[in-house]
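Peer 1: Sharing a structure with you now.
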Amino acid sequence: MASSMQTYLLPVLLSVIHLINITSASEHHHHHHNHHHQDQIKSLHFSLFQHETINKTGYIIVNGVAGPGVSQTTTPFGTLFAFQDPMTVTANPSSKAVGIAEGTSITSSLDGLRSISIAKITLRLKNHQGSISIVGGTHNVKRSDHPVVGGTGDFIFVQGYITSSPVDLKGLTVTYKIEFHLYWPPYAAQASLS
Ligand SMILES: *[C@@H]1O[C@H](CO)[C@@H](O)[C@H](O)[C@H]1NC(C)=O
């Protein structure tokens, strides 16, 4: 009886400790450039702007089969799209580029507005170089969250999410604001030292 109580309590204690760590990280997230302590999760929050120009940085590779035609906001169901888009520090496409988003998306809703996207985002920030990989559902005219599934370089083991919101959907180049919310688990520090 006692031993079954212990095996029950240990996961509970661990999840309480986990919650405390998350709480302390959210209180200290403005210290994100500081070297973190063992009990704090390092995090980084910033925004970039992704610019996609049809037939220049983004192309339809396979035509879709049903639903609305191709426009700035819709593509037929099943459309396979590939892109290599610059990411800049302001919404102005000629502002400094510090990232590249390479990926593909497949139109996944019959109204032509949603797709499943996978992308590798290479970042050259002042203190962080490397890439993050994201996967998730994108809505062409609404904000959408995409889980971060991992990273390389200074972003190795990174978790979190990015939020994509349309800024300018008119003309040949469409612009999306991409907000990054990145969290390093404690073991990422050990990995980067080795
Ligand atoms: C992009 O290229 C495709 C294939 O050549 C063409 O059908 C389409 O009209 C082009 N789109 C624009 C906006 O130029």
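Peer 1: Output the pairs from 96/126; 120/177; 96/170; 142/177 with a Cα-Cα distance over 20 Å in this structure; if there are none, say none.
Peer 2: Those over the limit are 96/170.
Peer 1: If you don't mind, there's one more thing I want to ask. How about segment 105-140: which trypsin sites (Lys or Arg not before Pro) there are in a DSSP loop, with at most 12 other Cβ atoms within 10 Å of their Cβ?
Peer 2: Here the trypsin sites (Lys or Arg not before Pro) that fit, given the DSSP loop and packing criteria, are 126.
Peer 1: Determine, for each peptide in 128-140, 81-93, 59-71, the mean count of other beta carbons within 10 angstrom over its residues, then list the peptides with the highest first.
Peer 2: Top to bottom by mean Cβ count within 10 Å: 128-140, 81-93, 59-71.
Peer 1: Okay, moving on. For a quick check: sort 48, 172, 110, 182 by the number of other beta carbons within 10 angstrom, fewest at the front.
Peer 2: Sorted ascending by nearby Cβ count, the order is 172, 110, 182, 48.
Peer 1: Could I ask something else about it? Give me the number: length gained by fully extending residue 91 to residue 54, i.e. 0.36 nm times residue separation minus the C-alpha to C-alpha distance, one decimal in nm.
Peer 2: Result: 11.6 nm gained on full extension.
Peer 1: Could you list the residues of segment 113-128 with an amide nitrogen less than 17 Å from a label point located 7 Å from the Cα of residue 141 in the Cα-to-C-beta direction?
Peer 2: Within reach of a label on residue 141, which here means backbone N under 17 Å from a point 7 Å along Cα→Cβ, segment 113-128 contributes 113-115.
Any read-out appearing in this document is the output of simple, stated calculations on the displayed coordinates, not a laboratory observation. All figures in this text were calculated on a predicted structure; none of them were measured in a lab. Note: ideal-geometry Cβ built from the backbone for every residue, glycine included; neighbour counts use all protein chains shown.
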